[in-house]
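*Asks:* Pasting in a structure now, in structure tokens, and then I'll have a few things to ask.
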Amino acid sequence: MDSQAQPNALALLSGDEAVALAALDAGVTLGTGYPGTPSTEILETFEKLGGRAQWSPNEKVAMEVAIGVAFSGARALVTMKHVGLNVAADPLFTVALTRLDGALIVVSADDPGMASSQNEQDNRRYALAAGVPMLEPSDSQEAYEFTLRAIELSERWQCPVLLRMTTRVCHSKTVVRRGSVRIAPPGAPHFEHDFPSRVMIPAYAKPAHRRLRKRLAEIAAWNDAEGLNQLIPGSTSVGIITSGVAFQYVREAAPEASVLKLGVTYPLPIERMRSFAESVDLCYVIEEGDPYLVEAARTAGISVEGKPEAYRFGELTTARVRRILEEDDTPEPKPVPGKPPALCPGCPHRSAYGALKNLNCLVPGDIGCYSLGVLPPYEMMDTLVCMGAGIGVGLGMRHSLPPDEARRVVSVIGDSTFVHSGITGLVEMVYNPPETGHVVLILDNGTTAMTGMQEHPGTGRTLAHSSTGKVNFEALVRSLGIQNVFVIDPVKDAAEFEKLVKDCLEKPELSVVIARRNCLLAAGAIRALELSEQARCGDEQTN
Amino acid sequence: MSRPIKVSRPTNVVVAGLGGQGVLKASDILAEVAFAAGVDVKKSELHGMSQRGGSVSSDVRFGERVFSPMVPEGEADFLVVLSPDQVPVNAAALREGGVLIEPSLIDEAKLPNKKSINVALLGVLSRHVQFSEEAWIAALKQNLAEKLHQANLTAFYLGRKA
């Protein structure tokens, strides 16, 4: 994609790329986030187009930095996958009460069907729970336009706006006309004291909550009167209310039906939905995931047909929408199972899991490529809950299992995940140590591998791969007061690695073993970056 | 009441194989060719877990107007499979009378680089769809590093003439 492309130029873009292009065209000051499929390419593209984008250690911090940008009269974009919004939920719920001076766009990239996630939560529920307006694009053109519209709404109502995408919108490429929507340029960054609107002590938060509900009522009225809804006239016998990518399946499965496609799905244009439903003999609601729209419609007394519970699981498709509309309840065809993913041949995690298997360990694990250790031939991960959970879960197992069993427990976590949510687990370990001690194994492969080789604070390089401050894991761990801290190459020193873990397991002490060897796929690129950095430092010294 | 205008059915292509074989590269090239021809085009793929050596597939649809980015099961006009063991996994994608394009159509001994099987199979596909040779060559060059151009052009013509 060319950042200098002419206005009105057409391009074939993914939804993620389209959001990045819109952010560029809107003059977004800063994009923040944490890598997570299917959201990762938004910030990477924004940076490539010339925008300023940063990876944060986790989504909560990314959200907080973005809030600071929006409090300063500038435009902020913060991106994450659906489960990332759980991490960032704390700031989200309270920033919703505040008054922004700029724009704050929160991208939640949901993964219905779990192509690459640990759950298929439907983050439309967050918009409702936090009281944050939400837009749902259905293709890349709308991803572009809705990002711009979201900025407009955010500035008009001085509140954060959720841009809720899904895997098929994020990763499908469709034709985008740049410049199809234009918004006012951003104002100059500034900060003004406004204690009642920004300092959420109870005395100020109570009236702020009332203002939030009033604002949402205003936005609902706007959504009914104007909004970003699309009405496609058709048959008066069947009408369909839908949003997001489900709209595409609806149009293909039922080209003759009348369709009300919703753009802003919180707060809902309830009166529009009501009059649409009344204009047809039978009104369906077709939505992916939870029965969010159908419940809202029924609560408002609108008579609609939803989908059978079976379609709550997995993605919708054109075929599934046809089945819903035809009330076909024969068993769905089962896909032929493909070849499952596996740890790459030569992956350093293989060596680490080999040792844990030999030692007959119990492994509370974590999220990354190394999650594949649960599959044959290793089958060496016993739990996976969320980012960073492996350490806390391991401590809980150590506290409760009989000593002989407890001594088999090793918490396993990757480098990026350790920075994201593992550090507080270590603090817990120091503060509430199990009687048998504990062993944490950090699999440091020098990159956020699973999401596509992103940098993180432990690599010492920014999102754009330039040199920056580096969090030294071993120094950090030692500073917490953990007795036994080791750094070892699990491939080169495989036998020693296994012996080291065995020794640590036998001691009633706290140990952290950092198994450090670069990801096989990233090693070449990391080496090239290190060499160019060395050359740059050399130049500086000779100058 | 206004009746919706009848639009013609899009052409549906499913490209499948294993992670690392160039499935997504092939579908990108095909989508670019269709885009350059000025028709509506959508391309779907999945990233992340699915890339670690496991089964990968990507859908490309083009025509007057495309809605779903995914090819509905049993509606693929062309199924391009880069790895023979992935044919049974994806066979249900193909419509009755659809065309299966698989590695056995190519004399692999004549491939300058075995990794170019994805482009060679695009060469086979190019005979079935109405895009100019120039558009294919331009998309190939645009999507591949310059040092790979010669090997891939050879692979493309090997498939196109197969």
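The values are calculated or read from the model by the stated rules, or taken from the named source; none is laboratory data. Here the structure is a predicted model, which means the values were calculated and not measured. Note: ideal-geometry Cβ built from the backbone for every residue, glycine included; neighbour counts use all protein chains shown.
*Asks:* Counting only residues that are out of contact with any Cys (no Cβ under 9 Å at 6 or more places or on another chain), surrounded by 14 or more Cβ atoms within 10 Å (Cβ to Cβ), at pLDDT 95 or above and not aliphatic (A, V, I, L, M), how many does the range A:504-539 have?
*Replies:* Summing the residues that are out of contact with any Cys (no Cβ under 9 Å at 6 or more places or on another chain), surrounded by 14 or more Cβ atoms within 10 Å (Cβ to Cβ), at pLDDT 95 or above and not aliphatic (A, V, I, L, M) in the range A:504-539 gives 6.
*Asks:* Turning to a different aspect of this structure: Does the range A:90-102 contain at least one residue that is closer than 22 Å to A:Thr462 by Cα, at pLDDT 95 or above and not in a strand (DSSP E or B)?
*Replies:* No.
*Asks:* Given the structure, is A:Met200 assigned by TED's automatic domain parsing to the domain that holds A:Glu17 and under 18 Å from A:Leu135 (Cα atoms)?
*Replies:* Considered against the rule, which asks whether it is assigned by TED's automatic domain parsing to the domain that holds A:Glu17 and under 18 Å from A:Leu135 (Cα atoms), A:Met200 comes out as no.
The rows are residues; the columns are (1) touching a Ser or Thr at 6+ places or on another chain (Cβ under 8 Å); (2) charged (D, E, K, R); (3) away from chain B (no Cβ under 12 Å).
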{"residue": "A:Val285", "(1), (2), (3)": "yes, no, yes"}
{"residue": "A:Ile302", "(1), (2), (3)": "no, no, yes"}
{"residue": "A:Arg312", "(1), (2), (3)": "no, yes, yes"}
{"residue": "A:Thr317", "(1), (2), (3)": "yes, no, no"}
{"residue": "A:Asp329", "(1), (2), (3)": "no, yes, yes"}
{"residue": "A:Gly365", "(1), (2), (3)": "yes, no, yes"}
{"residue": "A:Pro376", "(1), (2), (3)": "no, no, yes"}
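*Asks:* (1) crowded, with 20+ Cβ neighbours inside 10 Å; (2) over 19 Å from A:Ser258 (Cβ atoms): which one isn't true of A:Thr299, the others all being true?
*Replies:* (1)
Residue-wise test of (1) of a type in the set (Ser, Thr, Tyr); (2) farther than 18 Å from A:Val410 by Cα; (3) over 32 Å from the mean Cα position of the chain (by Cα).
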| residue | (1), (2), (3) |
| --- | --- |
| A:Met429 | no, no, no |
| A:Asp444 | no, no, no |
| A:Gly469 | no, yes, no |
| A:Gln483 | no, no, yes |
| A:Pro490 | no, no, no |
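*Asks:* Another question about this same structure. Could you look through the range A:331-363, keep only residues that are over 21 Å from A:Asn445 (Cβ atoms) and within 12 Å of chain B (Cβ to nearest Cβ), and pick out the one that is modelled with the highest pLDDT?
*Replies:* The extreme case among them is A:Glu332.
*Asks:* Suppose we filter A:Ala495, A:Ala475, A:Ala515 for residues that are in contact with a strand residue (DSSP E or B) (Cβ under 6 Å, 6 or more places away or on another chain) and of a type in the set (Gly, Ala, Ser); which single one remains?
*Replies:* Checking each option against the conditions leaves just A:Ala515.
*Asks:* Looking at (1) touching a Lys or Arg at 6+ places or on another chain (Cβ under 7 Å); (2) under 30 Å from A:Ser371 (Cβ atoms); (3) more than 8 Å from chain A (Cβ to nearest Cβ), can you tell me which one B:Arg61 breaks?
*Replies:* Unmet condition: (2).
*Asks:* Within the range B:54-113, restricting attention to residues that are touching a residue at least 40 places away in the same chain (Cβ under 8 Å) and of a type in the set (S, T, N, Q), which residue is surrounded by the fewest Cβ atoms within 10 Å (Cβ to Cβ)?
*Replies:* For the range B:54-113, the residue satisfying everything is B:Asn113.
*Asks:* Looking at B:Ala138, B:Ala109, which is the one that is hydrophobic (A, V, I, L, M, F, W, C), over 30 Å from A:Ala449 (Cβ atoms) and within 14 Å of chain A (Cβ to nearest Cβ)?
*Replies:* It is B:Ala138.
*Asks:* Another question about this same structure. Where residues in the range A:169-214 are in contact with a Pro (Cβ under 9 Å, 6 or more places away or on another chain) and assigned to a helix (DSSP H, G or I), which of them is farthest from B:Ala31 (Cα to Cα)?
*Replies:* A:Ala203
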